[in-house]
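Chemist: First, the structure itself, so that you have it in front of you.
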Amino acid sequence: MAEYRWATPVSGDWNTAALWSPAAVPNDPAASVTIDNPTLAPYLVTIAAGEVQTIGSLSMNDNFGRIGSNTAPYNAAILNVSGTLNFAPGSAGSIGGSLQSEIYMI
């Protein structure tokens, strides 16, 4: 399974390869995607209107002890989906991470 991690704690468009590690847009049915917040600065990752991304799994705010997402003021990564986020056919289609993670579907 291909693994992708949001590379920096700044807001940006999912479709910008330079914001991911490795520097490629995770649009792969086998992609395991991690969006996490190693700092106390909140940031927003956006799948813009008209964009369609397909992945296998998504984890948010889970690898750094969830410090930013489980205590007020809930400084954590946020996913804003104005376009389309698909989970690949046959994948678990799982979303893991902190209970305080925010995902907006617009």
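The values are calculated or read from the model by the stated rules, or taken from the named source; none is laboratory data. Note that this is a predicted model, so its numbers are computed, not measured. Note: areas computed on protein heavy atoms with side chains; ligands, DNA, RNA excluded. Shrake-Rupley method; radii C 1.70, N 1.55, O 1.52, S 1.80 Å.
Chemist: Got a sec? Which strands (runs of 3 or more DSSP E) wholly within segment 1-92 have at least 3 residues that are open to solvent by 20 Å² or more (accessible area, probe 1.4 Å) and modelled with pLDDT of 90 or more?
Modeler: 3-6, 84-87
Chemist: Same structure, new question: Please go through (1) modelled with pLDDT of 80 or more; (2) not in a loop (DSSP other than H, G, I, E, B) for G96 and return the number of the only condition it doesn't satisfy.
Modeler: It fails just one condition, (1).
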